[in-house]
Amino acid sequence: MRTALQLFVVLTTSVVALPASADPCKAIPDRGPTPAYLAKGKTFSGPITYVGDGDSLCVAVGGRAPENLVEVRVADFYAPELNAPGGRQAKATLERLAKGKRAVCSARHRSHDRVVAVCAIGGAPIGDLMRGAGVQEGGNGR
């Protein structure tokens, strides 16, 4: 009996100790149409408020409420997955290069609850910035 109780305590403590990984970007609904301002070829811009990994981020368009945060999959760079070698470094580099800065993005298409887009910071495409910082590509889309 004591072993079962110890296992229960370990499991519940582990679950409670895990960081929340909820997606803060909700401008594109999980189900339903893509907002017109994110249609293919449309340009949108705003500060980058969140970096999910080495090739995904949130752009605030019209405020920082979740419904104004556009989740973007960067179209011109394939970062290693977070759990792959170089994945955490790619995320840290994108955070350093982009978080808090204004991005100008051109929508390509929708992928799940995000838009695939080419985004630039200060006129430089994010893909070029990542490669210039020495991040090697290697994600699933590569």
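The values are calculated or read from the model by the stated rules, or taken from the named source; none is laboratory data. Please read all numbers here as calculations on a predicted model, not as lab measurements. With ideal geometry, Cβ positions are generated from the backbone for all residues, glycine too; neighbour counts draw on all protein chains shown. Quick note on the areas: whole protein, heavy atoms, side chains included, nothing else; ligands and nucleic acids left out. Shrake-Rupley method; radii C 1.70, N 1.55, O 1.52, S 1.80 Å.
By the Kirkwood approach, averaging reciprocal distances over each pair of separate Cα atoms, region 18-142 gets a hydrodynamic radius of 14.3 Å.
Annotation for K42 and D128: the two label points, set 7 Å from Cα along the Cα-Cβ direction, are 2.6 nm apart. The GluC sites (Glu not before Pro) of region 34-142 include none that meets both conditions, a loop assignment by DSSP and at most 10 other Cβ atoms within 10 Å of the site Cβ. Potential lengthening of the chain between K101 and D23 amounts to 26.1 nm, from the contour at 0.36 nm per residue minus the alpha-carbon distance. Once the chain from N83 to H109 is taken as fully extended at 0.36 nm per residue, the excess over their C-alpha distance is 6.8 nm. Looking at region 54-101, the trypsin sites (Lys or Arg not before Pro) that sit in a DSSP loop and have at most 12 other Cβ atoms within 10 Å of their own Cβ are K101. If you sort Y78, Y37 by accessible surface, 1.4 Å probe, largest first, the order is Y37, Y78.
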